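J.: Please read through the structure below; I'll follow up with questions.
Computed from the coordinates by the stated procedures, all read-outs in this text should not be read as laboratory data. On a predicted model such as this, the values are computed, not experimentally measured, just so you know. Every residue, glycine as well, gets a Cβ built from its backbone with ideal geometry; the counts of neighbours run over all protein chains shown.
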Amino acid sequence: MRKSDYSELEEILGYKFKDRSLLDTAFTHKSFANESTEKAYSYERFEFLGDAILEFVTSKELFLEYPEKTEGELTKLRASLVCEYTLSQITKNLGFGDYLYLSHGEEITGGKNRPSILCDLFESVLGAIYLDGGLEEAEKYIKKFLLSDIESKSTFYDAKSILQEYAQGNGLKLDYRLISTQGPEHNRVYRVVARLQGEEYEEGTGPTKKMAEQVAAHETINRLGIE
């Protein structure tokens, strides 16, 4: 059964949809669409549209905000903002997973909390807002949830380097311990923990060991208050 009341979500977004069926599509994973007895479309086309809008708006805002940065620096900063980790953390905090339509198989394997899917939802909802309210409303969404507190979000891209510099500066050995590897080969989830001088700090998960280590490093930086 499709949701008909998105009032709470609209309040969080700060935008009221004229056509709420767009949200139904924005939250429909392909696994649900493929198994549904009703006619249902997955969010993939909305995600495609949202991805293009996100890159354009983020590029424009960074260009205007940082006139002193080079093309390479702007590209690096944009990459840290629109990466899977950053976008999935935003949608996780906003509770987007609660509105997600998944097949039973995807749901029981933790699809509602999977970073790759949560990342998709940021872009699919962006696409829905654009289709319903135009570019101005889409820009408001991006500015409100992604482009606020840029400096904090941007540390993710360099998290491992920042933590390594901190460790070296304090004479500490930094390493990452693999805790577990779960899921089939095409959908692996790695879980690691960052360690300083053998003491375990924060954990991170990701589709690759490198991404999991980056998440763990970022969380450790936040815990230690490293700038």
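J.: Among 172, 62, 87, determine the one that fluctuates most according to a GNM of the chain built with springs between C-alpha atoms less than 10 Å apart.
T.: 172
J.: Return the distance in nm (one decimal) between the two label points of a simple spin-label model at residue 12 and residue 185, each offset 7 Å from Cα along Cα→Cβ.
T.: 3.7 nm
J.: Follow-up question, since we're still on this one. Rounded to the nearest 0.05, what FRET efficiency is calculated for residue 175 and residue 210 with R0 set to 22 Å and r the Cβ-Cβ distance?
T.: 0.95
J.: May I ask you to order 116-126, 38-48 by the average number of other C-beta atoms within 10 Å around their residues, highest value first?
T.: So the order, starting with the most tightly packed, is 116-126, 38-48.
J.: Let me ask something else about it. I need to check one value: relative contact order of segment 7-154, counting alpha carbon pairs closer than 8 Å and at least 6 residues apart, in percent.
T.: Across segment 7-154, relative contact order equals 34 percent.
J.: Would you calculate the separation in nanometres between label points at residue 164 and residue 60, each defined as 7 Å from the Cα along the Cα-to-beta-carbon direction?
T.: 3.7 nm
J.: Further question on the same structure: Assuming R0 = 45 Å, can you tell me the calculated FRET efficiency for the pair residue 39 and residue 151, based on Cβ-Cβ distance, to the nearest 0.05?
T.: FRET efficiency, residue 39 to residue 151: 0.50.
J.: Right, something else. For a Förster distance of 22 Å, can you work out the FRET efficiency between the beta-carbons of residue 227 and residue 143, rounded to the nearest 0.05?
T.: Calculated transfer efficiency: 0.40.
J.: Report the gain in length on full extension from residue 98 to residue 69: 0.36 nm times residue separation, minus Cα-Cα distance, nm rounded to one decimal.
T.: Computed gain between residue 98 and residue 69 is 6.6 nm.
J.: Where does the chain land at 222 nm, in deg cm²/dmol rounded to the nearest 500, when only DSSP H runs of n ≥ 4 count, each adding -39500 (n - 2.57), divided by all residues?
T.: -17500 deg cm²/dmol
J.: What is the ratio of the Cα radius of gyration of the chain to 2.2 N^0.38 Å, where N is its residue count, to two decimals?
T.: That works out to 1.10 for the chain.
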